[in-house]
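Asks: Next up is a structure, given as structure tokens.
The values are calculated or read from the model by the stated rules, or taken from the named source; none is laboratory data. These figures come from a predicted structure and were not determined experimentally. Note that each Cβ is placed from the backbone with ideal geometry, even for glycine, and that neighbours are counted across all protein chains shown.
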């Protein structure tokens, strides 16, 4: 056979056919394949390498890996060492940064191994672009760092309990120390299905344990609330939220959870509940007050209407003394009604915080004369004696209009609860910083249980006078508040059946 026509036959395929099949396979691999000589220079590359870098095959040949290296991102001495070890038959796997022809930098994973290429000892390199994998790894790393950062900064205990390791506890932040006062090492010695069982009462442990075990059984999240006693003996209210984690065999392996300190929230809720009760009680008291107020105003209106009808219908037959008597009654009732309306006005101003104070030096004796005169009919009707011991030079510093309301209320009460033919003393005492105005009567006095409630805000006590006079109980409350607004005080001394002394103290100086 002529050597020119000689073809090396393997099986039914020629050598050329086998080489062609190898090249097709070699170039069909998407990973980059490089053939290096033992000095590290490229002998051949596949189509995958051409696509990976963007260079022509001819541009690779004769160059070393440094030709493809991203500047400053690879240790070329280390790369040379990898090639050397691979040439000695030691498999090398490492990550490396390449630069494409267009300047794009990317990461790749490289595997080096010793091999043969057309009977030559060579180093075969297989490289895979791992840009996507790197992005995933970076995201995972970022997520892990974010989780750690979140756990460190979240104002709650973040924990994991390993059910496969005798309920070993891992705390992911230091907040447990802040809540309990105990260090993490001490708390980690706990071996229960909740991190803080050792600080709970037995009853609460039993309840919490039942809830968590039920959650494991039903493969669902849980919420459990309980209280603990911290290292200093303080009670803390906590809310724990967690979930069991299962392996591929559906066995529980972890409990992951967070524990929030809700002490402040619970305290706030208790305060709100107390405020709600107080508001409800205040509303009931105000309803009662409005009812009494409406009743008194209606009585005044009915009496005025009756007297007016009498005058209108019988004016021709009534004598002058009778007309005078009816006129005095109308005047007295009108004055009482006006006083009641004044009190209502003052009460509303105090409640909506609109009362302005204009302090001035006030002569008490002249003011008292103006206060007493409108009550002359009531005083005469009860045959009362007013003993006014106020000296001419008696004075106080206060808001004049407010003082009028106070004095009118105090005198009205003294008249209302004095017995027919009794006496009312209006006296004056002076001290270092305060001057005191005293109203003393010898009437029916005040019961002890009523005395204890006289100045309770939003409590209105209505008591009938000795001549069946009505009242809302608002007068004393308003007088007390007005006295305090004027930097003074109102105090009552009384004994049932013996009479009452009311002491109004007001500043002696501006």
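Asks: Can you tell me how many residues in segment 155-167 are under 28 Å from residue 263 (Cβ atoms) and in a strand (DSSP E or B)?
Replies: We begin by selecting, within segment 155-167, every residue under 28 Å from residue 263 (Cβ atoms); these are 155-161, 167.
Narrowing further to those that are in a strand (DSSP E or B): 157-161.
Within segment 155-167, residues that are under 28 Å from residue 263 (Cβ atoms) and in a strand (DSSP E or B) number 5.
Asks: Six or more apart or on different chains, Cβ atoms under 9 Å: show the pairs whose first residue is in segment 192-205 and touching a residue at least 40 places away in the same chain (Cβ under 8 Å) and whose second is assigned to a loop (DSSP other than H, G, I, E, B) and surrounded by fewer than 21 Cβ atoms within 10 Å (Cβ to Cβ).
Replies: Close Cβ pairs satisfying both conditions: 193/167; 194/200; 196/190.
Asks: Say whether the condition of being surrounded by fewer than 16 Cβ atoms within 10 Å (Cβ to Cβ), closer than 18 Å to residue 45 by Cα and modelled with pLDDT of 90 or more is met by at least one residue in segment 101-114.
Replies: For segment 101-114, residues surrounded by fewer than 16 Cβ atoms within 10 Å (Cβ to Cβ), closer than 18 Å to residue 45 by Cα and modelled with pLDDT of 90 or more: present.
Asks: If you don't mind, another one. Take the conditions part of a helix (DSSP H, G or I), loosely packed, with under 11 Cβ neighbours inside 10 Å, assigned by TED's automatic domain parsing to the domain that holds residue 428 and modelled with pLDDT of 75 or more and apply them to residue 305. Does it pass?
Replies: Numbers: part of a helix (DSSP H, G or I): yes; loosely packed, with under 11 Cβ neighbours inside 10 Å: yes; assigned by TED's automatic domain parsing to the domain that holds residue 428: yes; modelled with pLDDT of 75 or more: yes.
When the stated conditions are applied, residue 305 passes them.
Asks: Looking only at residues in segment 386-402 that are crowded, with 19+ Cβ neighbours inside 10 Å and modelled with pLDDT under 90, which one is nearest to residue 362 (Cα to Cα)?
Replies: Applying the filter and picking the extreme gives 399.
Quick grid of which residues meet (1) assigned by TED's automatic domain parsing to the domain that holds residue 100; (2) under 20 Å from residue 242 (Cα atoms); (3) at pLDDT 70 or above:
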position	(1), (2), (3)
140	no, no, no
144	no, yes, no
159	no, yes, yes
163	no, yes, yes
167	no, yes, yes
170	no, yes, yes
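Asks: Just checking, how many residues over segment 226-249 are loosely packed, with under 12 Cβ neighbours inside 10 Å and within 23 Å of residue 161 (Cα to Cα)?
Replies: Initial filter on segment 226-249 (loosely packed, with under 12 Cβ neighbours inside 10 Å): 232-235, 247-249.
Now drop any that are not within 23 Å of residue 161 (Cα to Cα), which leaves 247-249.
So the answer is 3.
Asks: Now, a different point. Please work out if residue 427 is free of Cβ contacts under 8 Å to residues at least 60 places away in the same chain and exposed (fewer than 15 other Cβ atoms within 10 Å of the Cβ).
Replies: No: the conditions fail for residue 427.
Asks: May I pose another question? With (1) farther than 30 Å from residue 279 by Cβ; (2) free of Cβ contacts under 8 Å to residues at least 60 places away in the same chain; (3) surrounded by fewer than 22 Cβ atoms within 10 Å (Cβ to Cβ) as the list, and residue 443 as the residue in question, which single condition is left unmet?
Replies: (3)
Asks: Taking segment 464-491 only, how many residues are under 23 Å from residue 420 (Cβ atoms) and either modelled with pLDDT of 85 or more or not assigned by TED's automatic domain parsing to the domain that holds residue 361 (or both)?
Replies: Number of matching residues: 0.
Asks: More than 28 Å from residue 377 (Cα to Cα), assigned to a loop (DSSP other than H, G, I, E, B), at pLDDT below 90 and assigned by TED's automatic domain parsing to the domain that holds residue 385: which single residue out of 456, 461, 450 fits that description?
Replies: Exactly one of 456, 461, 450 is more than 28 Å from residue 377 (Cα to Cα), assigned to a loop (DSSP other than H, G, I, E, B), at pLDDT below 90 and assigned by TED's automatic domain parsing to the domain that holds residue 385, namely 456.
Asks: If I go through segment 250-279 residue by residue, how many of them are loosely packed, with under 12 Cβ neighbours inside 10 Å, more than 22 Å from the chain's Cα centre (by Cα) and at negative phi?
Replies: Final tally of qualifying residues: 1.
Asks: Please specify each residue of segment 168-181 satisfying the condition of being surrounded by 16 or more Cβ atoms within 10 Å (Cβ to Cβ) and over 25 Å from the mean Cα position of the chain (by Cα).
Replies: 169, 171
Asks: Go through 432, 381, 414 for me and flag whichever is surrounded by fewer than 21 Cβ atoms within 10 Å (Cβ to Cβ) and out of contact with any helix residue (DSSP H, G or I) (no Cβ under 9 Å at 6 or more places or on another chain).
Replies: So the residue among 432, 381, 414 that is surrounded by fewer than 21 Cβ atoms within 10 Å (Cβ to Cβ) and out of contact with any helix residue (DSSP H, G or I) (no Cβ under 9 Å at 6 or more places or on another chain) is 432.
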